[in-house]
Amino acid sequence: MTNPIRVAVAEDNRLMRLGIVALLKTQTDFLVVGEAEDGAQAVNLFRAHKPDVFLIDLRMPVLDGVQVTTEILRSDPEAHILVLSHYDGQEDIFRAVKVGARGYLTKEHPPSEILNAIRIVHDGGRYLPSSIAERLNNRMLQPELTAREQQVLERLALGMTNKQIGEELTMAHKTCSIHVSGVLGKLGAHTRTEAVAIAQQRGLIKPPNR
């Protein structure tokens, strides 16, 4: 008899986590070996149980999914991590795949597809649904913001003026204006408002009240 696929789940929403675990338990070839409700617990859970496949939410308390994936793969480069998230922004997908996640699905995908993805990742494959792969490809064609430009973008989203941004980040007004122009150019935006909207859509910044 073939050994079951040992699966762990990291998800901070308790009802969602229970639902995922219940789904996994309907499959005779899966064995749920643990659950975590935040990023730190997730790292410890992996170290304790070494699951064959680890389902990880992208946005969790303490450590987010990208940080968890990075930490786990640092200690075990062969770990099989599958991101299961509410979010499908280009930047979310790009960051997860860049650090080594073997697959990415949203929680809106049907249960059968999630189960199939786990099996594929367990067998050494990678799983990106066509819609996710398209967003990833689009993101890879776009220039990446520098760390400074990301800081400026986050303050643009707060409605701060160039003067306010410059004062907070301790840089000259001219330098700030150059960074703002760089942000708009890389995002393909004509205005600050448009830049913020594009950034939210791509997952570079979180929309308000989320």
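The values are calculated or read from the model by the stated rules, or taken from the named source; none is laboratory data. Remember, it's a predicted structure, so these values are computed and weren't measured experimentally. A quick note on method: Cβ atoms are made from the backbone with ideal geometry, for glycine too, and the neighbour counts reach across all protein chains shown. Just so you know, the surface numbers come from the protein's heavy atoms only, side chains and all, with ligands and any DNA or RNA stripped out. Shrake-Rupley method; radii C 1.70, N 1.55, O 1.52, S 1.80 Å.
Table for the structure above
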| read-out | value |
| --- | --- |
| Near pairs, Cβ below 9 angstrom, 6+ apart or cross-chain, from region 154-182 (among the basic types (Lys, Arg)) to any residue that is part of a helix (DSSP H, G or I) and open to solvent by 50 Å² or more (accessible area, probe 1.4 Å) | ARG155/GLN164; ARG155/GLU168; LYS163/HIS173 |
| Residue within region 202-209 that is more than 22 Å from the chain's Cα centre (by Cα) and open to solvent by 60 Å² or more (accessible area, probe 1.4 Å) present | no |
| Those residues of region 64-100 which are assigned to a helix (DSSP H, G or I) and over 15 Å from PHE46 (Cα atoms), in sequence order | GLN90, GLU91, ASP92, ILE93, PHE94, ARG95, ALA96, VAL97, LYS98, VAL99 |
| Selection within region 191-210 - part of a loop (DSSP other than H, G, I, E, B) and touching a helix residue (DSSP H, G or I) at 6+ places or on another chain (Cβ under 7 Å) | GLY203, LEU204, ILE205, PRO207 |
| Residue in region 149-164 that is basic (Lys, Arg), in a helix (DSSP H, G or I) and in contact with a Phe, Trp or Tyr (Cβ under 7 Å, 6 or more places away or on another chain) present | no |
| Scope region 138-147; condition out of contact with any helix residue (DSSP H, G or I) (no Cβ under 9 Å at 6 or more places or on another chain) and either in a loop (DSSP other than H, G, I, E, B) or surrounded by 13 or more Cβ atoms within 10 Å (Cβ to Cβ) (or both); matching residues | LEU141 |
| Subset of region 111-137 [among the small types (Gly, Ala, Ser), open to solvent by 60 Å² or more (accessible area, probe 1.4 Å) and over 18 Å from the mean Cα position of the chain (by Cα)] | SER112 |
| Residue count for region 79-121, restricted to those that are out of contact with any helix residue (DSSP H, G or I) (no Cβ under 9 Å at 6 or more places or on another chain) and of a type in the set (D, E, K, R) | 3 |
| Filter pass, SER75 being among the hydroxyl-bearing types (Ser, Thr, Tyr) and over 21 Å from LEU204 (Cβ atoms) | yes |
| Test result for ASP38, within 25 Å of LEU204 (Cβ to Cβ) and either at pLDDT below 95 or surrounded by fewer than 20 Cβ atoms within 10 Å (Cβ to Cβ) (or both) | yes |
| Residues being open to solvent by 30 Å² or more (accessible area, probe 1.4 Å) and either farther than 13 Å from VAL152 by Cα or not aliphatic (A, V, I, L, M) (or both) - total across region 177-198 | 13 |
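Each row is one residue, and each column tells you yes or no for (1) small (Gly, Ala, Ser); (2) in contact (Cβ under 8 Å) with a residue 12 or more places away in the chain; (3) open to solvent by 20 Å² or more (accessible area, probe 1.4 Å).
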position	(1), (2), (3)
ARG59	no, yes, yes
HIS80	no, yes, yes
VAL83	no, yes, no
PHE94	no, yes, yes
GLY100	yes, yes, yes
GLY103	yes, yes, no
HIS109	no, yes, yes
